[in-house]
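The values are calculated or read from the model by the stated rules, or taken from the named source; none is laboratory data. Note that this is a predicted model, so its numbers are computed, not measured. Using ideal geometry, Cβ is built from the backbone for each residue, glycine included, and neighbour counts are taken over all protein chains shown. Heavy atoms of the whole protein, side chains included, go into the accessibility calculation; ligands, DNA and RNA do not. Shrake-Rupley method; radii C 1.70, N 1.55, O 1.52, S 1.80 Å.
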Amino acid sequence: MRVRPAAPADYDRIIAVVDGWWGREVHGILPRLFLDHFHRTSLVAEAGDDLAGFLVGFLSPSLPDTAYIHFVGVNPAFRGAGLARRLYEDFFALARADGRTTVRALTSPQNTGSIAFHKAMGFTAGPAPAHDGPETPRVLFRRSLT
Ligand SMILES: CC(C)(COP(=O)(O)OP(=O)(O)OC[C@H]1O[C@@H](n2cnc3c(N)ncnc32)[C@H](O)[C@@H]1OP(=O)(O)O)[C@@H](O)C(=O)NCCC(=O)NCCS
């Protein structure tokens, strides 16, 4: 398994698999801009020629203490073996190297797998009933990097 920084060209192979990996339509919340503008702080995992997983994250330009993870996905064939943990720990390391002390993320309340994963990774989870508008509740995650 090889983990490397993402490149803009990774977008096409990532967007081709996300709906299948999530088991529902999610491609609309990963527009190309994330890979074009945040590839240096995003990660791709490969097993041979296969895309095994990816993390899309960035160092907040507005909150100097904060790093943010927008998306993480692991190929169903590679789940349960610590790959998402490795991607998160690599991202934590690059965030700490930039002086970031907090990492944040969010998910939908129905994504119970994501909530369990983030709790296992040491995040606190709090409900935000109208976070993305009155019809769109989220669960907000926060973890200290210190
Ligand atoms: C959530 C996801 C990224 C986890 O990937 P993974 O590589 O299987 O996770 P890991 O093996 O690194 O697990 C790390 C920890 O989280 C826990 N965990 C991961 N998925 C879990 C789940 N569905 N339910 C309960 N715990 C889970 C593991 O038990 C492990 O805990 P431990 O280290 O204390 O033993 C993967 O299931 C996935 O891609 N899901 C679809 C996409 C998605 O929902 N992404 C997150 C929202 S953006």
Residues whose built amide H sits under 5 Å from the amide H of Val17, excluding neighbours closer than 5 in sequence, are none
Using a Gaussian network model on the chain with a 10 Å cutoff between Cα atoms, which of Ser62, Ser108, Ser42 fluctuates the most? Ser62
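Pop the C-beta distance of Asp98 and Asp19 into the FRET formula with R0 = 22 Å and round what comes out to the nearest 0.05. The partial results should precede the final answer.
Values: r = 32 Å, r/R0 = 1.46.
Working from the Cβ atoms, E equals 0.10.
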Determine the dipole magnitude for the chain: charges of +1 sit on the beta-carbon of Lys and Arg, -1 on that of Asp and Glu, nothing else is charged, the reference point is the Cα centre, and the result goes in debye to the nearest 20. 500 debye
Percent of accessible area on the chain owned by carbon and sulfur, 1.4 Å probe? 54 percent
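How long are the three semi-axes of the equivalent ellipsoid for the chain, computed from the Cα gyration tensor as the root of 5 times each eigenvalue, in whole Å, largest first? Before the final figure, lay out the partial values.
Working: eigenvalues 93, 71, 48 Å².
Working through the eigenvalues yields semi-axes of 22, 19, 16 Å.
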Residue by residue, what Karplus-based ³J(HN,Hα) values in Hz, rounded to whole numbers, does the range 59-65 have, using 6.51, -1.76 and 1.60 with θ = phi - 60° and x for Gly and Pro? 8, 4, x, 9, 10, x, 9
Could you compute how much accessible surface Glu89 exposes when probed at 1.4 Å, giving the result in Å² to the nearest 10? 90 Å²
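Determine the relative contact order of the range 9-80: mean sequence separation of Cα pairs under 8 Å and six or more apart, normalised by residue count, in whole percent. Kindly include the intermediate steps, with their values, before the conclusion.
Working: 89 pairs, mean separation 17.9, N = 72.
For the range 9-80, the relative contact order is 25 percent.
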What whole number of Å gives the distance from the Cα centroid of the range 1-23 to the Cα centroid of the range 35-49? 7 Å
